[in-house]
Structures are given as structure tokens and as C-alpha cells.
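Colleague: Let me give you the structure first, and then I'll get to my questions.
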Amino acid sequence: MDILERIGDTIVSVSKDVSQKAKDASGIAKLRLDIKSKENFIREQYLEIGKLYYEKHKGEDVEEQVQFDRIDEALEAIEEMQQQILVLKGARKCPDCGAQAADTAEYCSVCGAKLSIVVEDLPYEEVKEDIGDLGVTEEEKEDC
Ligand SMILES: [Zn+2]
């Protein structure tokens with residue numbers, strides 16, 4: 001074989017290798033993306049199963065008590081933060097039905113439940129109770 005022919009053959013086979021390798025690389029990249037996508041899909045299904053399991057067994061004695069407690073705590077924290085948002089927005093949540101109520105409302109407009117005293121009112125209520133404990137009314141004080 002002539003030296004030039006051999007060089008020519010080598011160049012052809014190298015360039016075939018390069019284009020095949022590029023095809024393989026893009027095939028691998030595509031397969032990796034497909035695997036990632038399937039893994040994400042499986043993760044979503046796991047989450048869904050976990051949520052269904054939690055909702056089905058909450059309040060029961062379960063082996064996964066630690067995780068159940070963590071979820072309960074997180075849900076309570078969310079509830080508190082949502083309450084804080086309502087307070088910041090100048091509204092509260094009805095303790096009975098969960099409806100949003102104006103900060104000044106005494107009764108829930110949806111279920112009619114009496115709404116708890118606004119936090120700012122509490123010190124005044126405590127002061128009134130303290131006076132009551134002394135057993136002296138305003139009238140008696142005036143008599144003295
Ligand atoms: Zn209500």
C-alpha cells in the first residue's frame with residue numbers, strides 16, 4: 001500500500017471515529033436527560049404517596065412517628081405564619097370555621113362564632129381582673 005493511500009485511509013477512519021463519537025456523546029447526553037426526567041417523575045410519585053399516606057394515617061400510631069411529628073410541627077408553623085399575615089393585613093381567622101374576619105369584628109360573618117379578643121386588648125383585660133381580685137369595686141373605693 002502506498003504511503004499516501006495509508007495516510008488517506010487513516011484520515012477517513014479517524015474522521016469516522018470522531019463523528020461516531022459525537023453521535024454517541026449526544027446519545028449519552030440525551031439518555032442522561034431522559035434518566036433525570038424519569039428520576040424526577042419517580043420523586044414526584046414518592047411525594048404523592050407520602051402525602052396520601054400521611055393524610056390517611058395522621059393521628060394514628062405509625063412507625064414513621066418522627067416524620068409525622070415533623071410534618072405536624074411544620075403545618076402548625078405554617079398556620080401561625082398565615083395567622084400573622086392575617087393580623088398584618090388587619091384581619092383574623094375564625095377559630096371555628098377558618099373564615100377570614102376583620103380585626104374589629106366581634107362575631108364571624110360566616111358561622112357567627114364569637115371571635116377571640118384581639119391581642120392588643122389583653123393587657124386591659126388582665127388589669128380589670130387584677131382589680132377584681134382585690135375585692136374592691138369602683139363604687140366601694142369612692143365610699144372610702
Ligand atoms: Zn366562623
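Colleague: Among all the lysines, which ones have a C-alpha under 22 Å from Lys16's C-alpha, if same-chain residues fewer than 8 places away are not counted?
Modeller: Reachable lysines: Lys30.
Colleague: Taking R0 as 30 Å, what's the FRET efficiency between Arg43 and Glu76 from their Cβ-Cβ distance, rounded to 0.05?
Modeller: 0.70
Colleague: Bin by bin, in steps of 10 Å, what percent of the Cα pairs in the stretch 3-116 do you find, going until the bin that has the longest distance?
Modeller: It works out to 11, 18, 16, 16, 10, 9, 8, 6, 4, 2, 0, in whole percents.
Colleague: Moving on. Distance between the C-alpha centers of the stretch 99-115 and the stretch 1-57? Whole Å please.
Modeller: 60 Å
Colleague: Can you tell me which of 67-80, 26-39 comes out highest on packing, and rank the rest after it, using the mean Cβ neighbours within 10 Å?
Modeller: Put in order of decreasing packing, that is 67-80, 26-39.
Colleague: Please list, or write none, the lysines whose alpha carbon is within less than 20 Å of the alpha carbon of Lys93, excluding same-chain residues fewer than 8 places away.
Modeller: Straight-distance partners of Lys93: Lys114.
Where a number appears in this text, it was derived from the coordinates with a stated rule and is not lab data. As the structure is a prediction and not an experimental result, all values here were calculated from the model. FYI the Cβ positions are ideal-geometry reconstructions off the backbone, even for glycines, and counts take in every protein chain you see.
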